[in-house]
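The values are calculated or read from the model by the stated rules, or taken from the named source; none is laboratory data. Note that the coordinates shown come from a computational prediction; the quantities given were computed from them, not determined experimentally. Every residue, glycine as well, gets a Cβ built from its backbone with ideal geometry; the counts of neighbours run over all protein chains shown.
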Amino acid sequence: MITQEHPKAVIVIFGATGDLAKRKLFPSIYRLVKNKKISENFAVVGVARRPWTNEEFRQNVSDSIQTSMKESANLDEFTSHFHYHPFDVTNPSSYLELNDLLNDLNTTYKTEGNRIFYLAMAPEFFGTIAQNLKKEGLTATEGWSRLVIEKPFGHDLPSAQTLNQEIREAFNEDQIYRIDHYLGKEMVQNIEVIRFANALFEPLWNNRYISNIQVTSSEVLGVEDRGRYYEKSGALRDMVQNHMLQMVALLAMEPPIKLTTDEIRSEKVKVLRALRPVKDDDVAKYFIRGQYDSGEMANEPVVSYRNESNVDDQSQTETYVAGKLLIDNFRWAGVPFYIRTGKRMAAKSTKIVVQFKDIPMNLYYNKGASVPPNLLVIHIQPEEGITLQLNAKKDDDAGYSQPVKLDLSNNFLEGINTPEAYEKLLYDCMRGDATNFTHWDEVALSWSYVDPISDAWKEGKANLTTYPSGSMGPKEAEEMLKKDGFKWWPVN
Ligand code: BG6
């Protein structure tokens, strides 16, 4: 249900002194205002433990925008919409005071009683905050109230269920916006359009013509200062349970009957239901886990994961995962979906490669080798675009075919300035469009798929291998594809 094109609301950010607010949320709100997506009828309330004043908070907002966007305009008018409220999440009087402030701002900015509660902070407080918001009357306004939740949504199925029950006592499913920021990326949103708006692809998009699909999300950065969180999470929970499975669902789903939130989500849910569970004894065969060792990045030496701060020097946490997923339905039976993601890899790149089956007979022998397969590459980041790899005759090389690329890159199209994922998601939430947020059913199914893998790892049922920083991951991941007669296509 889309409620407003130029939405009006008070946005309450819990964790307003944190990194996410500074790096993503403040700049996104600024761009939404600058691009006239949201009207002047908005206010932002920053909530956190620190005893900041409004002035300190506004200075912080302004610094964040100047740093991340190199913005030199005067920001005073914009930051005057920002207010700070020191807060103790467990103290009921904090909520009552907050409610008074929200009522005042509603009158000043004429926000029609609309409220967004954005939880950008430690997940252990999500349940408490949601329940107190309801108990202390903050969700009872004449407008709408919505809850935005950052990941992690639990650390396994049982903990996610508990959290869900807690927040569902205070908010209905359609008031809950669970963020997966990959769903806000322009080219992730484009997967559906590329598939369902092109007569060229849809007839081929199945196990008769596609041999395998590869989804890679590699990062150059290490764990940085997030050791404490990452030690408990690892790449499987941090990237696979959410971002990677969401991309697989978009690639594999059936065309929805309509482009509505419910129809799209229900097609994605069907894919997650059709994922073949990985049996305990098969985990080592289908999933490879690795941890980065020391190495070189951009000619500079970097330390191993175990030597990062707040990381155990005997840590068994994986910083890399490669997996082979099978989807047991008519369209995809027999087509492996390979995924891989890791930190401290050779390149920062998120790409999807769809490899089509070989042609039945090789007329154009390619200097003795077989004709390379057709590939459709969807570039998610840092470049955005699509490439179609075909075969054609080049020069005067009679009788030979060679790969040629049809390249469409957004980076080359004039005037295109892709909005940040968070900007789109915040705008969607303000308009009441939950399509690009994760429904509880998707969260639950993703954990059900991932939990047996992490359990088997905990029981030591598969080796943790290492890979040098600056490489593309452990050799075991290469071997996994080789056994199937495939190879990872390069991402850089
Ligand atoms: C986050 C993970 O969800 O995604 C991080 O917690 C990871 O560990 C990040 O670095 C990657 O996001 P992006 O948009 O840079 O690919």
Single unsatisfied condition, residue 219 versus (1) within 16 Å of the ligand (Cβ to nearest atom); (2) of a type outside the set (A, V, I, L, M, F, W, C); (3) crowded, with 21+ Cβ neighbours inside 10 Å
(3)
Just to be sure, is residue 179 among the aliphatic types (A, V, I, L, M), crowded, with 21+ Cβ neighbours inside 10 Å and away from the ligand (no atom under 12 Å from the Cβ)?
no
Hey, could you check region 58-89 for residues that are touching a helix residue (DSSP H, G or I) at 6+ places or on another chain (Cβ under 8 Å) and of a type in the set (A, V, I, L, M, F, W, C) and say which is nearest to residue 119 (Cα to Cα)?
89
For region 326-350, which residues satisfy the criterion of being touching a helix residue (DSSP H, G or I) at 6+ places or on another chain (Cβ under 7 Å) and either modelled with pLDDT under 95 or away from the ligand (no atom under 16 Å from the Cβ) (or both)?
327, 328, 329, 332, 337, 338
Within region 460-492, tally of residues that are under 26 Å from residue 152 (Cβ atoms) and at pLDDT 95 or above:
8
Exactly one condition in (1) of a type in the set (D, E, K, R); (2) in a helix (DSSP H, G or I); (3) over 21 Å from residue 351 (Cα atoms); (4) within 11 Å of the ligand (Cβ to nearest atom) is not met by residue 224; state its number.
(2)
Being within 16 Å of the ligand (Cβ to nearest atom), at pLDDT 95 or above and within 30 Å of residue 110 (Cβ to Cβ), is that true of even one residue in region 152-174?
no
With the structure loaded, tell me whether residue 197 is among the aliphatic types (A, V, I, L, M) and free of Cβ contacts under 8 Å to residues at least 40 places away in the same chain or whether it fails that test.
yes
Hey, among the residues in region 45-79 that are more than 30 Å from residue 134 (Cβ to Cβ) and of a type in the set (Ser, Thr, Tyr), which one's farthest from the chain's Cα centre (by Cα)?
72
Scan of region 307-335 for residues that are surrounded by 14 or more Cβ atoms within 10 Å (Cβ to Cβ) and without any contact (Cβ under 8 Å) to a residue 40 or more places away in the chain, ordered by number:
none
For region 264-279, does any single residue satisfy the condition of being touching a helix residue (DSSP H, G or I) at 6+ places or on another chain (Cβ under 8 Å) and over 30 Å from residue 204 (Cα atoms)?
yes
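Matching residues to (1) aliphatic (A, V, I, L, M); (2) closer than 24 Å to residue 429 by Cα; (3) surrounded by 15 or more Cβ atoms within 10 Å (Cβ to Cβ); (4) modelled with pLDDT under 95:
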site: 5; (1), (2), (3), (4): no, yes, no, yes
site: 37; (1), (2), (3), (4): no, yes, yes, yes
site: 40; (1), (2), (3), (4): no, yes, no, yes
site: 45; (1), (2), (3), (4): yes, yes, yes, no
site: 53; (1), (2), (3), (4): no, no, no, no
site: 67; (1), (2), (3), (4): no, no, no, yes
site: 79; (1), (2), (3), (4): no, yes, yes, no
site: 101; (1), (2), (3), (4): yes, yes, yes, no
site: 104; (1), (2), (3), (4): no, yes, no, no
Free of Cβ contacts under 8 Å to residues at least 12 places away in the same chain and either within 16 Å of the ligand (Cβ to nearest atom) or part of a strand (DSSP E or B) (or both) - does that describe any residue in region 276-294?
no
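Any idea how many residues of region 184-201 are within 11 Å of the ligand (Cβ to nearest atom) and outside any loop (DSSP other than H, G, I, E, B)?
2
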Could you pull out the residue among 353, 371 that is under 28 Å from residue 217 (Cα atoms), modelled with pLDDT of 80 or more and not in a strand (DSSP E or B)?
371
How many residues does region 67-111 hold that are of a type outside the set (D, E, K, R) and in contact (Cβ under 8 Å) with a residue 60 or more places away in the chain?
10
What are the pairs with Cβ atoms under 9 angstrom where one residue, in region 224-237, is within 15 Å of residue 321 (Cα to Cα) and among the hydrophobic types (A, V, I, L, M, F, W, C) and the other, located anywhere, is more than 8 Å from the ligand (Cβ to nearest atom) and in a helix (DSSP H, G or I)? Sequence gap at least six, or different chains.
236/450; 236/453; 236/454; 236/457
Quick one: which residue in 204, 245 is of a type outside the set (Asp, Glu), within 15 Å of the chain's Cα centre (by Cα) and more than 12 Å from the ligand (Cβ to nearest atom)?
245
Of the residues that make up region 127-149, is at least one under 19 Å from residue 21 (Cα atoms) and either within 16 Å of the ligand (Cβ to nearest atom) or in contact with a His (Cβ under 6 Å, 6 or more places away or on another chain) (or both)?
yes
